[in-house]
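K.L.:
Mind looking over this structure? Questions follow.
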Amino acid sequence: MTALVVTWVTAGLVHLPPEASLLGWRFTLYRTLVAFIASLIIAFLIPALLHVLG
Amino acid sequence: MSSADGGKRPAGGPGRSGWYVLGVAAAAYALTGWLNTGLVEAGLRHFLHTLPRLGLPILVMFVLMFLFDLWARPEQVVRHLGAGTGMRGWLLAVVGGVASLGPLYLWYPLLGRLREHGVRHSLQAAFLYGRAIRIPMLPFMVHYFGGAYASLFVLNILLFSVLSGVVTGRMLGREGGQKGAAAVPPSSQSSWISRIQATLQALYESLGEFAMPRKPKYIVTLTDEERVRLEDLTRKGKCAARKLKRAPILLKAAARWKDEALMEALDVSASMVDDIRKRWVEEGPEAALKDRPRPGQRRKRDDRQAAHLSAVACSDAPEGHDHWTLRRLADKVVELGYAESFSHEAIRPLLKTVVLKSIGRML
C-alpha cells in the first residue's frame with residue numbers, strides 16, 4: 001500500500017512525457033528511477049519500523 | 001539553451017517536444033477511438049467533467065509564473081536554490097514540494113523556468129519527491145492507518161526527498177547553478193564506480209548539512225585588489241591549473257559560501273577548502289594559490305654535477321679499460337671532488353637526463 005501511494009505520486013509513467021519535455025529526458029528518467037527505488041525501500045522500511053516500534 | 005541533458009531546449013517552454021507529447025496523446029486517442037469509440041467518449045466526458053476543477057490550479061500556476069517572471073532575477077534564484085545554497089536550499093525544496101498544491105504536471109513549466117535560472121537538479125528532484133506528502137490527505141491517512149503510520153510515512157518521505165535529490169543530482173554529474181555544465185556520461189565501469197563513490201560521499205555530506213554544518217575556522221577576506229586579481233585569474237584562465245582551481249575557492253569563501261555548497265559547486269574536498277582558507281589567512285595570497293612543497297627528499301644532484309658527469313663520461317676511459325661503466329664513472333666523479341659520494345645507481349638517471357637534454361639542443 002505504501003509503495004502504491006508513494007510511486008503513484010513520485011514515479012508515474014503518465015507524467016514522463018510532459019516532465020521530460022520541460023525538464024529534460026535524462027533528468028526525468030534518472031529521477032523516476034531513483035524515486036521508484038526509493039519508494040520500494042520506503043515500502044519495506046515503514047512496516048519494518050512499525051513492527052520494531054510495536 | 002542547452003539543457004543539462006545535453007539536448008537543446010528553448011527557454012521558457014517545452015519547444016517542439018511539447019508538440020510531440022500532444023501528438024502522441026492525440027494518436028493514442030485516435031487509436032483507442034478506432035478500437036473502441038465508447039471508451040473515448042467516456043474519456044472525453046471525464047475530461048470535460050474534470051476541466052472546471054483544474055481551472056483554479058491552472059490559474060494559480062499562471063499567476064505564480066507571471067509573478068516569478070516579473071520579480072525573480074537569475075542571481076536571486078541562484079542565491080536561494082543554486083549551487084551556493086546548503087541546508088536552506090534543501091529546506092526550501094522539500095517544504096515547497098510538500099506545500100505545493102494541484103496536479104504535478106502544472107508545476108513542470110515553473111520548474112523548467114527555475115532550472116533556466118540556475119536551480120539545481122537535485123533540489124528539483126527533492127521538490128518533486130516531497131510532493132508525495134499531501135497535507136490535505138494526512139487526516140485521512142491518520143484516520144485509516146493510524147498516527148504512527150502517518151508519522152513514519154511523512155518522516156520517510158522527507159528523508160528520501162533529500163536522498164533522491166542527492167542521488168539524482170549525482171547521476172546527472174556536476175550540476176547546480178552552473179548553466180551549461182555538461183553532465184559526464186557514464187562511459188566505463190570505472191566511471192560508474194567513481195560516480196557511486198561520489199554519490200555516497202555526497203549523501204554523507206548532505207546528511208552532514210542537516211546534522212552539523214561545517215563552520216570554517218579561518219575566514220577569508222579579500223581587498224578589492226585581491227578580488228580583481230582572483231577574478232582575472234578565473235576569467236582569463238591563463239595560469240597554472242592549480243591556481244585556476246584555487247582562485248574560485250577563495251572567491252566563494254570570501255563571498256561567505258558555506259563549505260558544503262562550495263565543495264559541491266567546485267567539486268573539491270573538505271581538506272582542500274580547509275587548507276586554502278588556512279593558508280590564505282596565515283601565509284597570504286601567494287601561498288594559498290600554490291601547492292605545498294612536495295614531501296620527500298630534496299634532489300641530491302644538481303645540474304652542475306650532471307654537467308661534470310657528462311664531461312667525465314665523454315672523456316677517455318681509464319687506463320686498461322675501453323669504456324666507462326656506471327661504477328667507474330661514480331668513482332671518478334668522487335675522485336675528482338665533484339661530489340662527496342655518488343652511488344652508481346644514481347648515475348643512470350642523471351646520464352639519461354644529460355643525453356635527453358643534448359638531443360633536445362641538437363633538435
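K.L.:
Can you tell me which condition B:R115 does not meet? The list is (1) modelled with pLDDT under 80; (2) more than 10 Å from chain A (Cβ to nearest Cβ), and all the others hold.
P.N.:
(2)
K.L.:
Out of segment B:87-106, which residues are surrounded by 21 or more Cβ atoms within 10 Å (Cβ to Cβ) and within 18 Å of A:V34 (Cβ to Cβ)?
P.N.:
Those that are surrounded by 21 or more Cβ atoms within 10 Å (Cβ to Cβ) and within 18 Å of A:V34 (Cβ to Cβ): B:W90, B:A93, B:V94, B:G97.
K.L.:
Considering only residues that are touching an Asp or Glu at 6+ places or on another chain (Cβ under 7 Å) and part of a helix (DSSP H, G or I), look in segment A:3-54 and name the one that is nearest to B:G102 (Cα to Cα).
P.N.:
Ranking the qualifying residues of segment A:3-54, first place goes to A:T28.
K.L.:
Quick one: B:A125 ticks every box in (1) farther than 21 Å from B:A265 by Cα; (2) within 10 Å of chain A (Cβ to nearest Cβ); (3) in contact with a Phe, Trp or Tyr (Cβ under 9 Å, 6 or more places away or on another chain) bar one, so which box is it?
P.N.:
Just one mismatch for B:A125, condition (1).
K.L.:
Looking at this structure, is B:R131 among the charged types (D, E, K, R), surrounded by 18 or more Cβ atoms within 10 Å (Cβ to Cβ) and without any contact (Cβ under 8 Å) to a residue 60 or more places away in the chain?
P.N.:
Yes: the conditions hold for B:R131.
K.L.:
Quick one: in segment B:246-287, which of the residues that are among the charged types (D, E, K, R) and at pLDDT below 80 is farthest from the chain's Cα centre (by Cα)?
P.N.:
Looking at residues that are among the charged types (D, E, K, R) and at pLDDT below 80, I get B:E286.
The values are calculated or read from the model by the stated rules, or taken from the named source; none is laboratory data. The model shown is predicted, which means the values in this text are computed figures rather than measured ones. Ideal geometry is used to build each Cβ from the backbone, glycine not excepted, and the neighbour counts take in all protein chains shown.
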